[in-house]
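Worksheet for the structure shown next.
Please treat every number below as a calculation from the coordinates, not as lab data. What you are looking at is a predicted structure, and each value in this text was computed from that prediction instead of being measured. Here the Cβ positions follow ideal geometry from the backbone for every residue, glycine too, while neighbour counts run over all protein chains shown.
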Amino acid sequence: MRKIESLSLIRRLKTLKRQHQLTERKRRSQYSRNHLRKKENGMKVGMKVSTIDGRRGIIRFLGKLHCARGIWVGMELFSGTGSNSGVVKGKKYFDCMPKKGIMVKLEKIKNPKTVEKVDEDGVEEIEL
């Protein structure tokens, strides 16, 4: 009886390990796809951008949300009031002051000819 239980436990552990490996592979491939999209659009976390309605801020998140389809941009606004602090429906995507963060679809971001990348020690312009 103990031998059957231990064989069953071993099979279960192997199955869990296989499931974990598949999940890890899927997560990595999603990261790769998101990373490629980020490069295609010329935007990266830390860049200064504006939305089509004129709100300006720094990209703090770029990728998929757990609760919506498509690619989203999490921005920390320079001025004005946002709708969140980097938390969307209970999941934290980035840190910022309360009511200074927004999530907008990638299509709602202007694609400027010059984008400023914000560094710790200042702002440096980068030509696209």
Fill in: Net charge of Cβ neighbours under 13 Å - reference Thr81; Lys, Arg +1; Asp, Glu -1
+2
Worksheet entry | Estimated FRET transfer efficiency when R0 is 22 angstrom, pair Lys92-Lys64 (beta carbons, to 0.05) | 0.90
Discussion item. Students often get this wrong, so check it: of Lys14/Lys91; Lys48/Lys91; Lys48/Lys99; Lys48/Lys100; Lys17/Lys91; Lys64/Lys108, which have C-alpha atoms separated by over 20 Å?
Written reply: Lys14/Lys91; Lys48/Lys91; Lys17/Lys91
